[in-house]
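Some notes on the structure that comes next.
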Amino acid sequence: MSNRYATILALGSSIDPDAQAYITALTTQGYTPTAGEKNGINGLFLNLKGAGSVNSTDNMYADLKIVRPYFGGSASTNGLNAIAPTTSPANFYGTFFGGWVHTNAGSDPNGINGYMSNNFIPSVNMSSNTNGGIFCNVIQNTDVGMDIGCQTFTNFTGLLIASNFFGTRYSRALTTNQFSVAPSSPTNAAAFWGSLQILGQPYFQQNTILTPFSAGTSGRPDRDLLSGAINSNGSPANYTNRARNFEVVLNDVRDTNRPLILKQIVDAFNTAVGR
Amino acid sequence: MIVYVLTEAEKDLLVGQFFTPNDKFNPVLDGDTPPDWIISEQEVEQNQYEEFNWVKNLPTKNWIPPTPPNP
């Protein structure tokens, strides 16, 4: 962050315009953030732009597709994509189905029939020549279902995350026919992130430059990305009961540092808003 | 966990319908033999629309999970 910009923010006379747009959208949808929460939101955007206290170097903003903080306490607020905060599916506003409990701490699917449509189809909405990734910050250690994902076939051709699925934790890349298996002892979300980072498998395939694939045979499935379940060739399946408080869909993971930075940004935001 | 049991006709009335401004009903088949169409406690308790108040009077049963497909 430039000294001039930092000074302006310190004086309280300015807020990042994209942060302000998200704050306004939250208010429109029924939740007015407190002053402290506004600061947390502003910090989130500055960090995503490489101009914040946690991240002052990596401007990843242009590579972001979805930033969903699950914040505000209702389906209307928690479905907002913070970087395009409208209720339009074209901006990947999340639509919830079935049983969820929404609070300011996040959104909790019931493991029976609760899922969210991201209105996001990787084959359409992701670039074919970048290394994309999906992130899901689960805050509950349970053992049912898929955290987020979509696939065209039933042979792992697609992208998905499951913190613990039939005793094994999976992450899978936005690439073709490759997936990563996480360690077998499930822990909480933070440790899960950490263990994947140690293994160099933080929820996506690294150091792989994708080439264009035809829909249906690629790691960019032509199915809507679902949260709280997986889109299994057009139908929600494997519903999870793991609550989550942050999801990110990134068009380009770029390098191994970016997921570490992103995790720090998410943690900083959650701390700033008191969760 | 308690779920609410639907007839096929009742299921058709709920598919695609909002029960809050940004939550839609999602009837699913449970793992019973034969399977029943069900909705969850959350959908019934959180419903904000008078036209769907009838879901509160649906019969209930314990949730029987279906066998999930491998991913």
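Any read-out appearing in this document is the output of simple, stated calculations on the displayed coordinates, not a laboratory observation. Every value quoted in this text rests on a predicted model; they were computed, and no experiment measured them. Using ideal geometry, Cβ is built from the backbone for each residue, glycine included, and neighbour counts are taken over all protein chains shown.
Please give me the summed charge of the neighbours of B:ILE38: other residues whose Cβ is under 11 Å from its Cβ, Lys and Arg +1, Asp and Glu -1.
Around B:ILE38, the charge tally is -4.
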Per-residue Cβ counts within 10 Å, from other chains only, averaged over B:17-29: what number is that? 6
How would the stretch A:12-120 be classified by its alpha-carbon gyration tensor: rounded, prolate or oblate, with rounded meaning a/c under 1.5 and the a/b versus b/c comparison settling the rest? prolate
Fewest to most neighbouring Cβ within 10 Å: what's the order for B:VAL55, A:VAL248? B:VAL55, A:VAL248
I'd like the mean, over residues of A:99-111, of how many other protein chain beta carbons sit within 10 Å of each residue's own Cβ. 3
Summing Lys, Arg as +1 and Asp, Glu as -1, what charge do residues with Cβ under 12 Å from the Cβ of A:VAL273 carry, A:VAL273 excluded? 0
So for the stretch B:1-63, using the alpha carbon gyration tensor with a ≥ b ≥ c as root eigenvalues (a/c under 1.5 gives rounded; past that, a/b versus b/c decides prolate or oblate), I'd call it prolate
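At a Förster distance of 25 Å, what's the computed FRET efficiency of B:TYR49 paired with A:THR24, Cβ-Cβ distance as r, to 0.05?
After rounding, the FRET efficiency stands at 0.40.
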Fewest to most neighbouring Cβ within 10 Å: what's the order for B:TRP63, A:TRP100? B:TRP63, A:TRP100
Two-site label geometry, A:THR271 and B:THR33: point separation in nm, points 7 Å out along Cα→Cβ: 5.4 nm
Gap separating the Cα centres of the stretch A:28-72 and the stretch B:1-64, nearest whole Å: 36 Å
Flagged links, alpha-carbon separation over 29 Å, of A:LYS65/B:LYS24; A:LYS38/B:LYS56; A:LYS65/B:LYS56: A:LYS38/B:LYS56; A:LYS65/B:LYS56
